[in-house]
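No value in this document is a laboratory result; all are computed from the given coordinates. What you see is a predicted model; the values in this text were computed from it and never measured. We place every Cβ from the backbone using ideal geometry, glycine too, and count neighbours over all the protein chains shown.
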Amino acid sequence: MNTSPPSPRASEGFRDSEGFPTERDSEGLLTELRQKIRHHNYRYYVLNDPVVSDHEYDQLYAELLEIEKQHPETITPDSPTQRAGAPPAEGFQKVEHPAPILSLSNAFDVDGLRAWLERIAKLDERVREADFTAEPKLDGLTVVLHYENGLFVRGATRGNGQVGEDITQNLRTIHAIPLRIPTTPQGPPSPERLVVRGEAFIRLPDFEELNRRLEESGQKTYVNPRNTAAGALRQLDSSLTAQRPLTLLVYQIVAGTDDLPATQAETLAYLQSYGFPVPENIHCQTLEDVIAVCEDWAERRDQLDYEIDGVVIKINDHALADTLGVVGKDPRGAIAYKFPAQVVTTTLHEIGVNVGRTGVLTPYAVLEPVEIGGVTVSQATLHNFDFIAEKDIRVGDRVRVKRAGDVIPYVMGPVDAARTGAEQPFTPPGTCPVCGQPAEHIAGEVPWYCVNAACPAQLIRNLEHFVSRGAMDVVGMGIKIVEQLVREGLVGDVGDLYALVRGDLLELDGFAAKKADNLLGALDASRERSLARLVTALGIRGVGEAVAADLARFYPNLDALRRATLDDLQEIEGIGPNIAQAIVDWFTRPANQRVLSKLRAAGVWPQAETHAPGRTLPRPLAGLTFVVTGTLTSSTRNEAKALLQSHGAKVTGSVSGNTDYLLVGENPGSKLQKAQGLGIPVINEDDLQKML
């Protein structure tokens, strides 16, 4: 029986312009396909500069997957298909490191850095003439990667510095880690053995997107990227690790059989030549240069898309650094300059509960005021009730509070050693703190809800959402007017907005004839909004702009949508059981049915073109990433974003090497210049319509 793999169809179109082999025997074609995919993984996950579209990459990957499925004997450990995750392990094996994985001593100010230099200069005067490297101190989990003959064979945690835990299968799921080095044929020959050290972490935008998806599906969200990354890597089931957006930066060679670089700057260049992602680094000639870099990074730390808590300073010359030796577990030739604390402790006086527009009850901490990073904080989020229970946070506790940049401060947990016994455990409320109606907790979900649609807290937030720019876009109706209308009893639900008359408004404080007429005119104009905008405006839990756009393409009006069953809704791509249940529940509530009657009577009942339920929506933009900038003429930017997403596109807020198209309107600003500099295609609204 012939067991050689069939020739990949895509191989007929392969080119050797990037230095890939061109042999056409079966084994060579399989090797070529894997090299292509490794190369594109490197450009996407490490360089952030892909040269093929997601669609082209998916075709290559699917073809390799199919070949290996038909010929499993051809699968190799370094194949790009071997990242999905292995079956759950029973426990972690121990791994002895080939050299100590050391920690760092700290300096907390400029004087501390100068004192460090003076200490080590007493051991070796050459230090006074030394140069340095400065790298960001990443807030992640240290990992050690082992390569033999270019193949990734083992990965471990730092552990106690001498022995770590084997997490090889989990690390295989991280696309930034090359399974074989070098990642491109042009790289240097791989050493017989190479062991490197790096930091695994989650970038902030990926962390926010992960939590958004979890929240929409009713699952528990995470508190911070560092703990999420550490927890993901210590999963016994690597398929769970694969679901977390982990990445990695490598910054040290622990051991190797080659002639290793003599300096840290050369080390980072060496690692980069093999395809490892390395941290941003700056070569400094003097300690004063180092101090300037530390001050600069301290100022822009909140502009980075990953968390850092300081700067790592290393003597550039490895031989000189080694002669200085080690104190305990800290090498004398390096030090961590720590930024001012963003974690403080204070007293938790009370736990309050906010009510969101969808009825979600969210706990928050009332704190003894404390300064964090120059800002006085008296309240912080407690995330959810499960978090309070898991951390055993009690009223009266001394708690640790963290604030990073513009992020809302959050309670990390209690200081157990500070307890006196007077602290009081917290019990989630059985009723809504605003309207007093029973609170509901759905089994299997994290949030607690107030299900009273007439709840005053929900009413104000529902109205604010309904008239917002991303929904019905009632120009001029902000939160102050919404609160005024509710306070005066003129509006009891969103349907009442269209029953407002000039005389009602003129009796309100601050309203003259022109303001009243403008507001009524804006309400009248909103009657013409699309069905997708109206569905978004209704505030159904889990139904944002993208889901609303898909619903509007399946159902011609709200009558048709409210007749949809759970099974009908789940036939639509992207709508799972939780969102489907939320839609059905919303339409069955009597209060919401009264709102629909008012909207119909007011002429707010748009019609939409649809596709038959059960058909897959056309998604001509699937796999493409767009950025929208400038003032559009045929729609708002939120409408354009919803349109793009409904056709399969991903929409991001900033231009990068991953961006496929920039959609521009009038006065596009700096994003246009950046796109032009990166060679990214720029399109207008007419071009987009042609693409659709």
Degrees, to the nearest 10: 287-300 long Cα axis against longest axis of the chain:
20 degrees
Once amide H atoms are placed 1.01 Å from N in the peptide plane, what residues at a sequence separation of 5 or more from GLN252, or on another chain, have their amide H within under 5 Å of its amide H?
ARG197
What distance in nm lies between label points placed 7 Å from Cα along the C-beta direction at ASP258 and LYS122?
4.0 nm
What does the net charge come to around ASP258 if you take all other residues with beta carbon closer than 14 Å to its beta carbon, with K and R at +1 and D and E at -1?
-3
Within straight-line cross-link reach of LYS94, aspartates and glutamates at Cα separation under 18 Å, skipping those fewer than 8 residues along the same chain:
GLU165, ASP166, ASP237
Run the reach check for LYS674 against aspartates and glutamates, Cα to Cα strictly under 17 Å, same-chain hits fewer than 8 apart removed. What comes back?
ASP49, ASP660, GLU666
Between helix 26-41 and the chain: long-axis angle, C-alpha atoms, 0 to 90°, nearest 10
60 degrees
Listed by chain and number, the residues whose amide H is under 5 Å from that of VAL353, excluding neighbours fewer than 5 places away on the same chain and using placed H, are TYR364
How much of the DSSP beta bridge set in the stretch 625-691 is antiparallel, as a percent to the nearest 5?
10 percent
List the lysines whose Cα sits under 26 Å from the Cα of LYS122, skipping any in the same chain fewer than 8 residues away.
LYS314, LYS329, LYS338
Kindly write out, for the stretch 243-257 in residue order, the coupling ³J(HN,Hα) from the Karplus curve 6.51 cos²θ - 1.76 cosθ + 1.60 (θ = phi - 60°), rounded to whole Hz, with x marking Gly and Pro.
7, 9, x, 6, 9, 7, 10, 10, 9, 8, 9, 7, 7, x, 9
Positive dipole terminus of the stretch 106-338, leading residue within GLY256, ALA336, ASN106 (C-beta point charges)
GLY256
Correct option for log10 I(q)/I(0) by the Debye sum over Cα atoms at q = 0.08, 0.10 Å⁻¹ [calculated from the coordinates] among (1) -0.83, -1.02; (2) -0.80, -1.19; (3) -0.71, -1.12
(2)
Go through the stretch 464-481 residue by residue and turn each phi into a ³J(HN,Hα) via Karplus (6.51, -1.76, 1.60, θ = phi - 60°); whole Hz please, and just put x for glycine and proline.
4, 5, 4, 8, 5, 4, x, 10, 7, 6, 7, 4, x, 9, x, 4, 5, 5
Please turn the phi angles of the stretch 136-143 into ³J(HN,Hα) values with the Karplus equation 6.51 cos²θ - 1.76 cosθ + 1.60 (θ = phi - 60°), one per residue in order, whole Hz, x for glycine and proline.
x, 8, 6, 9, x, 10, 5, 9
Determine the calculated [θ] at 222 nm for the chain from helices alone, applying -39500 (n - 2.57) to every DSSP H run no shorter than 4 residues and normalising by the residue count; nearest 500 deg cm²/dmol.
-9500 deg cm²/dmol
Kirkwood hydrodynamic radius, computed over distinct alpha-carbon pairs, for the stretch 128-212: how many Å, to one decimal?
15.0 Å
Relative to the present Cα-Cα distance, how much length would full extension add between GLN379 and ALA525 at 0.36 nm per residue of separation?
48.6 nm
Using only Cα atoms, locate the centre of the stretch 97-132 and the centre of the stretch 177-243, then give the distance between them in Å, rounded to an integer.
31 Å
Sorted by chain and number, the residues with a modelled amide H under 5 Å from that of THR183, at a separation of 5 or more or across chains, are GLY275
Could you work out the local net charge near PRO414, counting Lys and Arg as +1, Asp and Glu as -1, over the other residues with Cβ closer than 9 Å to its Cβ?
+1
Add +1 for every Lys or Arg and -1 for every Asp or Glu among the other residues with Cβ under 11 Å from the Cβ of ASN557, and state the total.
+2
